[in-house]
1. Select, from L37, L45, the only residue that is at pLDDT below 95 and assigned to a helix (DSSP H, G or I).
2. If you scan the stretch 116-149, which residues turn out to be assigned to a loop (DSSP other than H, G, I, E, B) and surrounded by fewer than 16 Cβ atoms within 10 Å (Cβ to Cβ)?
3. Considering each of Q194, Q185 in turn, give the residue that is more than 21 Å from T133 (Cα to Cα), of a type outside the set (A, V, I, L, M) and either at pLDDT 95 or above or part of a helix (DSSP H, G or I) (or both).
4. Looking only at the stretch 73-90, decide whether some residue is under 14 Å from the mean Cα position of the chain (by Cα) and assigned to a helix (DSSP H, G or I).
5. Of the residues that make up the stretch 182-197, is at least one more than 23 Å from R12 (Cβ to Cβ), not charged (D, E, K, R) and not assigned by TED's automatic domain parsing to the domain that holds Y30?
6. Quick check on P59: is it at pLDDT 95 or above, assigned to a loop (DSSP other than H, G, I, E, B) and farther than 24 Å from F159 by Cβ?
7. Determine if the stretch 25-47 includes at least one residue that is of a type in the set (A, V, I, L, M, F, W, C), touching a helix residue (DSSP H, G or I) at 6+ places or on another chain (Cβ under 8 Å), buried (at least 17 other Cβ atoms within 10 Å of the Cβ) and within 20 Å of F143 (Cβ to Cβ).
8. Restricting to the stretch 100-119, name every residue that is small (G, A, S), within 19 Å of P14 (Cβ to Cβ) and at pLDDT below 95.
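The values are calculated or read from the model by the stated rules, or taken from the named source; none is laboratory data. In this text the structure is predicted, and so the values were computed from the model without any measurement. Quick reminder, even Gly has a Cβ in these numbers, built from the backbone with ideal geometry, and neighbours come from all protein chains shown.
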Amino acid sequence: MAALPLLYSYRRCPYAMRARMALAYAGVAYQLHEVSLKEKQPGLLAVSPKGTVPVLLLPDGRVLEQSLDIMHWALQQHDAELWLGGDAKRTQSLIAENDGEFKRALDNYKYASHFPEQAPESYRAQGTVFLQTLEQQLSHQPFLSGSHLSLSDVAIFPFIRQFAAVDDAWFAAAPYPKLHAWLQQRLASSLFLQVMAKPLP
């Protein structure tokens, strides 16, 4: 039997979530190694000294250390629903904003006690700039980069989920009806539920 790729992951990490969703969607069989955040895993550090997840070790010895690289590799194996078929320029722009300014605002908002320079509401306001961008995008089309689910939706969704969970009452009342519906669809998707199932001990 051929060796399987080995994925180092952490169940609740948004970067690891999007990597797992891409692998599951592409039908890639792999070994899952769930890491502990309390202690670095020797196996993980041996293949990726940065020590963060996700990391995918391929059977040929190649190591993919970035979630987007893992997603693109998975989609190169199989992409039946054309996740790579959306507006490529728009997809790249949205993911860059998500992984840059929005992720910084999200971290400051979620861990506001560690960043007392500003009030939590200030960090939240910084994040809503991106939420407004997504709301506007979804007001013209059902998905972020076009008429069907694509790379941008899956890459960005775990971070919006995390932002919404910081203060779910605030998010539920926020004026983003299209984004709310989009988020609920992603949360209820069989793909997300599949990759969030707790691994067997």
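1. On the way: L37 fails: assigned to a helix (DSSP H, G or I).
Just one listed residue meets the conditions, L45.
2. First pass over the stretch 116-149, keeping only residues assigned to a loop (DSSP other than H, G, I, E, B): 116-119, 139-142, 144-145, 147-149.
Once the filter is applied, which keeps residues that are assigned to a loop (DSSP other than H, G, I, E, B) and surrounded by fewer than 16 Cβ atoms within 10 Å (Cβ to Cβ), the stretch 116-149 yields P116, E117, Q118, A119, S139, H140, Q141, P142, S147, H148.
3. Working: Q185 fails: more than 21 Å from T133 (Cα to Cα).
Q194 is the lone residue from the list that is more than 21 Å from T133 (Cα to Cα), of a type outside the set (A, V, I, L, M) and either at pLDDT 95 or above or part of a helix (DSSP H, G or I) (or both).
4. Our first condition is that a residue be under 14 Å from the mean Cα position of the chain (by Cα); within the stretch 73-90, this holds for none.
No, that holds for no residue.
5. Step one: of the stretch 182-197, the residues more than 23 Å from R12 (Cβ to Cβ) are none.
No.
6. yes
7. Yes, there is a match, as at least one residue in the stretch 25-47 is of a type in the set (A, V, I, L, M, F, W, C), touching a helix residue (DSSP H, G or I) at 6+ places or on another chain (Cβ under 8 Å), buried (at least 17 other Cβ atoms within 10 Å of the Cβ) and within 20 Å of F143 (Cβ to Cβ).
8. Step one: of the stretch 100-119, the residues small (G, A, S) are 100, 105, 112-113, 119.
Then keep just the ones that are within 19 Å of P14 (Cβ to Cβ); that gives 100, 105, 112.
If the condition is that a residue be small (G, A, S), within 19 Å of P14 (Cβ to Cβ) and at pLDDT below 95, then A112 is the only one that fits.
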